[in-house]
Amino acid sequence: MPLAKYNEHALETQQEGFAAGKWQQLAMTDAQLLRILNDPRGPEAITSGMLDGELAGLLDALYRNLDTPAPDPSAIFWYEIGVEESRRRDG
């Protein structure tokens, strides 16, 4: 599924989940994000091996982290690599 089409589907799914009170289950937790950021394989290997939905979830979590007063220092690098991977997939 192309990423643009996936994003439409993910938004619909998130809206349905939010309406059903399941929002917390859809978002990546801080602990999950920290585990990914500390993975020794690095962002290129991690993002290239993720499914589209996983990558979208990671980008969302990174964006939310960057929008805090004290973002993780490596989050901007990971976000840039994730966006590059997303663009690569979208063609």
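The values are calculated or read from the model by the stated rules, or taken from the named source; none is laboratory data. Remember, predicted model here, so these are calculated numbers, not experimental data. Here the Cβ is made from the backbone with ideal geometry for all residues, glycine too, and neighbour counts use every protein chain on show. Surface accessibility is based on the protein's heavy atoms, side chains included, excluding ligands, DNA and RNA. Shrake-Rupley method; radii C 1.70, N 1.55, O 1.52, S 1.80 Å.
Quick test of your reading of the structure: LEU59 fulfils all but one of (1) part of a loop (DSSP other than H, G, I, E, B); (2) at pLDDT 80 or above; (3) open to solvent by less than 90 Å² (accessible area, probe 1.4 Å). Name the failing condition by number. Unmet for LEU59, out of (1) part of a loop (DSSP other than H, G, I, E, B); (2) at pLDDT 80 or above; (3) open to solvent by less than 90 Å² (accessible area, probe 1.4 Å): (1). Do the conditions hold for ARG35, that is, is it open to solvent by 80 Å² or more (accessible area, probe 1.4 Å) and assigned to a loop (DSSP other than H, G, I, E, B)? It is false that ARG35 is open to solvent by 80 Å² or more (accessible area, probe 1.4 Å) and assigned to a loop (DSSP other than H, G, I, E, B). Pairing each residue of the stretch 78-89 that is free of Cβ contacts under 8 Å to residues at least 60 places away in the same chain with any residue that is in a helix (DSSP H, G or I) and open to solvent by 60 Å² or more (accessible area, probe 1.4 Å), provided the two are 6+ apart or on different chains, yields C-beta distances under 9 Å for TYR79/TYR63; ILE81/GLU44; GLU84/GLU44; GLU85/GLU44; GLU85/SER48; ARG88/SER48.
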